[in-house]
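Just below is one structure, and these are the notes that go with it.
The values are calculated or read from the model by the stated rules, or taken from the named source; none is laboratory data. This one's a predicted model, so the numbers in the text were calculated from it and none came from an experiment. Neighbour counts are summed over all protein chains in view; Cβ atoms, including those assigned to glycine, are modelled from backbone coordinates with ideal geometry. Areas reflect the complete protein model, heavy atoms only, side chains present, ligands, DNA and RNA absent. Shrake-Rupley method; radii C 1.70, N 1.55, O 1.52, S 1.80 Å.
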Amino acid sequence: MRENRSNRGVWGSKIGFTLAAAGSAIGLGNIWLFPTVAGQNGGAAFVLIYVGCVLLIGVPVMIAELSLGRRAQSDPVGTFKSLAPKTWWKAVGALGVFTGFMILSAYTVVAGWTVKYILITVSGQFAGANPESIGRIFTEFVGDGFAVLLYHFVFMALTVWIVIGGIEKGIEKATKILMPLLFGLLLLLVLRSVTLQGAVEGVTFYLYPDFSKVTFGVIMAALGQAFFSLSLGMGAMITYGSYLSRNDNLVSSALYVSLADTLIAFLAGFAIFPALFSVSGLSPTEGASLIFLVLPNIFNAIPLGQLFGAAFFFLLAIAALTSTISLLEVVVAYLIDQLQWQRKLAALLVGSSAFLLGIPSALSNGSVSFLSQLWKSSQETLSLMDLVFLYFGKISLAVGALLICLFVGWKWGIRSALKEIRSGYPSFALAPLWTFLVRYACPVAIAIILASYFRS
Ligand code: TRP
C-alpha cells in the first residue's frame, strides 16, 4: 500500500483504482437498466443523447467529485465540512449518503434476481424453452416473495461481508479479472444477437435515431441514467477519490472509467434489441423484466448456451456486487469518519437496515403488487421499486450533481480544484473547457432539464 496524507489506505496501484472505480460504475446500471431505459425512451435517439450527457456532464462531474475526495480525504459529509466549514454545504454530502442507502435497498433486489438466474440457467430450465415459458419462469420467480427475499438477503450479506474486509483486499482483486471477462462475453452476445433472424429491426431501433420522439422526459431519463451508471451525484466518487494518491491523474481516470462504462452499456443494448425484435411478442418497453426475458433466448441460440448463460449471469452478479460494495462503502465511510463507528458494526447495521427497507421493493414486482397500485403515473403503473429508482436513482442524483458543480465551481473554487487536479496532471490542457463546463454549462443544463421534467 502506498502512502497518502492520512492513514485511510490508498489504492495499491493506479490501475487498481481505475478498475475499482470502473467496478463501481459498471453494474446493473449498464446491463439491466440501460437497455430498459433505452427501450422505454425510443431507442437510438436516447442512446445518442445519453452519450452526449456522459461526455459533457458526466465526465466533468466525475473529475469534480474525484478532486473533492482527494483534497478532503474524507467521506462525502466530511468533505463538505472540511472544505466549507460551518456552512450548509454538508447537507449535500448527507443527501448523497441517504441516496446511496436508498439505492442500495432496491439495487440488491435486482442483483438477487441475477443470482437466481445463474441457478435457473445452470439447472437447464431455460434450455430449449420458448419465449413464453421463459416469461413464465420469470413471472413465477418474481411472484414468489420468499425466493425474492432470500436472494435479496444473500446479496446484501455478500456485500456486507466484503465491505467489512476493507478497501484494498476486498474490492481491488475481483474487478481486475472479472470485468474484462464480462466485456468479452458481452461482445460474443452482440455477435450472436445481430446474426439472429429478424435482428435488423432491432438494430434499426437501436442505431437509427428518430428525434421526433425526444421529449424532456427522454432527456431527463438520459441524464439520470448517465449519473446512475457512472456512480455520480451522491459522493461515491468523492469517497473513491479519497483513496487516491496525489500523483494520480484524475482526468485520465475519469475518462477511462466513463469510457469503459459507456462501452459496456452500449454493448448491452446492442445485445438485447436485435434479439428482442427477433423474438416475436416482446416489446422494447417491457421495463424491469426486459433483459431477463430476452437474454435466455440468445443463450438458447448459441452452442453451449447453458454454459455461456450461467457464466454471463455470474459475471453480471459480480458486476452488481462491485457496485453494491461502493454504495455501502459510502454510507459506511460516513459512519466511520463522522461518527467514529467501527467498520464492522457500521457495515452490519447499514446492510441490515437496507435489507429491511428493500423488502417492499422486493415484493412490489410480482403478483403481490398491491403496493404499486398506490402510485399511478400517467402511462403505466410503476412498482415501488421503479419509484425508488426514479426518485433516488435519477432525480436525487441529478440534484446532487448540480449542487456538486455549484460547490466546485463557485464555493470551494475552481482555483483550488485545478490545483488539486494539477498535482497529478500538471499540464491539464483542457482546464478552460472543464472550468466552463463545471461553472456554467453543467449546472445550467441540469437545472433546466430538472425543471422542465417537473413541469411537463
Ligand atoms: N453505477 C452502478 C451501476 O451502474 C450503480 C452504483 C454504484 C451507483 N454506486 C453508485 C449509482 C453510486 C449512483 C451512485 O450499476
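Going through the range 260-307 one residue at a time, which ones are open to solvent by 50 Å² or more (accessible area, probe 1.4 Å) and either of a type in the set (Ser, Thr, Tyr) or modelled with pLDDT of 95 or more (or both)?
Result: Leu263, Phe266, Ser280, Thr285.
Out of Leu250, Leu196, Leu182, report the one residue that is under 24 Å from Ser74 (Cβ atoms) and either over 23 Å from the mean Cα position of the chain (by Cα) or surrounded by 17 or more Cβ atoms within 10 Å (Cβ to Cβ) (or both).
The unique qualifying residue is Leu250.
Can you tell me which of Leu207, Leu186, Leu191 is without any contact (Cβ under 8 Å) to a residue 60 or more places away in the chain and either of a type in the set (D, E, K, R) or under 30 Å from Gly305 (Cα atoms) (or both)?
Leu191
Can you name the helices (runs of 4 or more DSSP H) wholly within the range 24-104 that have at least 2 residues being within 15 Å of the ligand (Cβ to nearest atom) and within 16 Å of Ser326 (Cα to Cα)?
59-72
Out of all the residues in the range 192-214, is one or more within 16 Å of the ligand (Cβ to nearest atom) and either at pLDDT 90 or above or in a helix (DSSP H, G or I) (or both)?
So far as the range 192-214 goes, no, none of its residues is within 16 Å of the ligand (Cβ to nearest atom) and either at pLDDT 90 or above or in a helix (DSSP H, G or I) (or both).
Report, ordered by the first and then the second residue, all pairs with beta carbons closer than 9 Å, sequence separation of six or more or different chains, a first member in the range 228-245 that is near the ligand (Cβ under 6 Å from one of its atoms), and a second member that is part of a loop (DSSP other than H, G, I, E, B).
Filtered contacts from the range 228-245: Ser229/Ile26; Ser229/Gly27; Ser231/Gly27.
Taking the conditions exactly as written (over 18 Å from the mean Cα position of the chain (by Cα), farther than 25 Å from Ala72 by Cα and at pLDDT 95 or above), does Leu349 satisfy them or not?
Yes; evaluated as a whole, the condition is true for this residue.
At pLDDT 95 or above and more than 15 Å from the ligand (Cβ to nearest atom): is that true of Val10 in this structure?
No; evaluated as a whole, the condition is false for this residue.
Among the residues of the range 339-351, which ones are touching a residue at least 24 places away in the same chain (Cβ under 8 Å) and open to solvent by 40 Å² or more (accessible area, probe 1.4 Å)?
Passing the criteria: Arg343, Lys344, Leu348.
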